[in-house]
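Below you'll find the structure, written out as structure tokens, and then a few comments.
The values are calculated or read from the model by the stated rules, or taken from the named source; none is laboratory data. Quick caveat, the model's predicted, so the values are computed rather than measured. Every residue, glycine among them, receives a Cβ derived from its backbone with ideal geometry; neighbour counts consider all protein chains shown. Only protein heavy atoms, including side chains, enter the accessible area calculation; ligands, DNA and RNA are left aside. Shrake-Rupley method; radii C 1.70, N 1.55, O 1.52, S 1.80 Å.
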Amino acid sequence: MTHPTCAACAEPAVYLDRAAGEHLCADHLTARVEATFRATLRGPGGLSGGERVAVAFSGGKDSSVLLHLLASLAAPELGLALVAVTVDEGIAGYRDETIAWARTLADRLGVEHRVIGFEEACGSDLDVLVRGREGRACTICGVLRRRLLQQAAHELGADRLATGHCLDDEAESVVMNWLRGDLYRVAGARPTGGESMVPRTKPLARLPEKEVVSYALLHDLAPELPECPYAHHALRSGIRGMVHRAERQSPGTLARIVAGQSELEARLRGLLPPADFSTCPDCGEPVLGGPCRACTLLGGALEKH
Ligand code: SF4
């Protein structure tokens, strides 16, 4: 059997882009990922020169690629100051190894690195917070992690919070918003303002996860790490299976879902009544009525650290 060769040169291929029906070698896959990253950074919601950027850095493949690209390409080209922020949720058998890797990579890239613990900020580790309600672990973890990252970015004086969401994450979020009947998110309305709200940027949002993971493997950014023991509880994991099946059957589905959502948001802009945002009575963050989800989960205001 002949080994497939790159569509752009005669080198052996390492990657198949099923949507385009073409193979790529390591160099051309690397060039494509870096070009898409640069184009996203320079597009709407990207970064400007001289900004201080907090990077949400879990130590997983996506955020490792994000930190690598920001440190090796964007920081020298745009004069960015980076600080990587890792949240230690306190998950036994999982987090210690990923945090050790996160420290190693931040050190290798010469990026300032902060680790914030659930125990210190929320009073308990995630393992304790979810006891007896393990099925909600990802909801609780996600709400608190997002808030801690926002607080950290604000306290570190960041202009932007960069996250490692890739195209697959974006498509899953679109489907999840529809399945939850979350009309305001379907319409693209988000709470804005708030004491510690640092605008987010998603430099990997146009890259399929398969390309991000392949890039990670090619560039020594993907050590063997344990999987979170709660991962199978996530609503997202069911949705991920669904959208990935659709992508396999009809390559390009992920990109079409995200493009369709952008089009919908553009057409709905200004047509819906404005969302009735107020502030959380406990912490002052913007919310659609009542206490915010973080304060509701913790039974009181999240401590500033
Ligand atoms: Fe948190 Fe769920 Fe991710 Fe585990 S899989 S780190 S519980 S969001």
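Listed values, structure above:
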{"item": "Virtual spin-label span in nm between Ala7 and Ser237, 7 Å along Cα→Cβ", "result": "3.4"}
{"item": "Given charges at beta-carbon only (K, R positive; D, E negative), |dipole| of the chain in Debye", "result": "840"}
{"item": "Overall form of region 3-100 per C-alpha gyration tensor (a/c, 1.5; a/b vs b/c)", "result": "oblate"}
{"item": "Inverse of mean 1/r across different Cα pairs in the chain, Kirkwood, Å", "result": "20.6"}
{"item": "Degrees separating the helix 26-42 axis from the principal Cα axis of the chain, which is the longest one", "result": "40"}
{"item": "Spin-label pair Arg42/Ser262, simplified geometry with 7 Å Cα→Cβ offset, distance in nm", "result": "1.6"}
{"item": "Distance between modelled label sites at Val213 and Leu179, nm, 7 Å Cα→Cβ extension", "result": "1.9"}
{"item": "Using alpha-carbon coordinates, inclination of helix 209-218 to the longest axis of the chain, degrees", "result": "70"}
{"item": "Charge dipole magnitude, Cβ of K and R +1, D and E -1 - region 1-153, Cα centre, debye nearest 20", "result": "440"}
{"item": "Theoretical ellipticity at 222 nm over the chain - DSSP helices of four or more residues, -39500 (n - 2.57) apiece, nearest 500", "result": "-13500 deg cm²/dmol"}
{"item": "Accessible area per residue, Å², the chain with all protein chains present, probe 1.4 Å", "result": "49"}
{"item": "Rounded if a/c under 1.5, otherwise prolate or oblate - region 105-191, Cα gyration tensor axes", "result": "oblate"}
{"item": "Dipole axis of the chain (+1 Lys, Arg; -1 Asp, Glu on Cβ), positive-most option in Thr40, Val14, Val87", "result": "Thr40"}
{"item": "Sulfur and carbon atoms: percent of accessible area, region 1-138 [1.4 Å]", "result": "50"}
{"item": "Global form of region 207-247, assessed from the alpha-carbon gyration tensor, a/c cut-off 1.5", "result": "oblate"}
{"item": "Given charges at beta-carbon only (K, R positive; D, E negative), |dipole| of region 36-98 in Debye", "result": "300"}
